[in-house]
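Undergrad: Okay, here's the structure, questions in a sec.
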Amino acid sequence: MSVVVNPDQAKALHARYSKRAQPFGLTLEELDFKNFPLRNGYPGIPVRAWLRFPNCAELVEGEVFAWTERAAEVTWKDGPLTYRTWVWASAVTRRGEAMSRNLGERVNRDNNSE
């Protein structure tokens, strides 16, 4: 007995099982922290980022708390698990809702910033 799977189902299954593998992140040599210093920010910046898995790439939603001039560390979830993966800056874009508000509207200001 053979099972027929339509292309959309096959693509969804492929993405589901490929995601169980860890994505490829940047190496320390690629990050080159000596020449491209690390910056941190809080709260995280809401983003969409392309992650590379062994047999596919997937666009995920996440947040960036750390970055350099050339790369960003994306924090993202797969079900109940949270992961962090360094990717090239060109693989990351801010999510739409973040673009409509400035930083002061996204965070509570303390007494020193008023």
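Undergrad: Does Val64 satisfy being touching an Asp or Glu at 6+ places or on another chain (Cβ under 9 Å), surrounded by 14 or more Cβ atoms within 10 Å (Cβ to Cβ) and at pLDDT below 95? Let's see the steps before the verdict.
TA: On the way: touching an Asp or Glu at 6+ places or on another chain (Cβ under 9 Å): yes; surrounded by 14 or more Cβ atoms within 10 Å (Cβ to Cβ): yes; at pLDDT below 95: no.
No: the conditions fail for Val64.
Undergrad: Could I ask something else about it? Restricting to strands (runs of 3 or more DSSP E) lying wholly in segment 10-96: which have 3 or more residues that are of a type in the set (Gly, Ala, Ser)? First the steps, then the outcome.
TA: Working: elements: 39-53, 56-67, 71-78, 81-88, 92-94.
It comes to 39-53, 56-67.
The values are calculated or read from the model by the stated rules, or taken from the named source; none is laboratory data. Every value quoted in this text rests on a predicted model; they were computed, and no experiment measured them. Don't worry about glycine lacking a Cβ; one is built from the backbone with ideal geometry, like all the others, and counts go over all protein chains shown.
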